[in-house]
Amino acid sequence: MRENGELMDNNDQYDTGNYIRDKRPWFGPKQFGWGYGPRTWQGYLVTAILVLYVILMSTLTKGHMPGMLFAIIPAIAVPFIIMAIQRR
């Protein structure tokens, strides 16, 4: 069966994948002050997960330095990784 000159069938095998993707950055510059803040729900989710992770790690390690490194390093590294990905 042809429609508009194209072969039409109900097979998903020929899906071209032309989907609309939200290309908005998760984080952007703040309107007041300096730094970056979340702009989308994904940005707010990442921020909440990082805050909960740091709280959990600081509670579990009771503030002792060797254990706190496991909380500090990802909390610093994840925002830089996201920033590097967004700049591609």
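We did not get these values from a lab; they are worked out from the coordinates using the rules stated. Bear in mind that the values here come from a model prediction, so they are computed numbers and not experimental data. Don't worry about glycine lacking a Cβ; one is built from the backbone with ideal geometry, like all the others, and counts go over all protein chains shown.
Looking across segment 41-71, the residues that are of a type in the set (A, V, I, L, M) and more than 19 Å from the chain's Cα centre (by Cα) come down to Ile55, Leu56, Met57, Leu60, Met65, Met68, Leu69. Candidates in segment 21-42 are the residues that are touching a residue at least 40 places away in the same chain (Cβ under 8 Å) and outside any strand (DSSP E or B); of these, the one that is surrounded by the fewest Cβ atoms within 10 Å (Cβ to Cβ) is Pro25.
State the number of residues belonging to segment 53-88 that are outside any helix (DSSP H, G or I) and under 18 Å from Trp26 (Cα atoms).
So the count comes out to 2.
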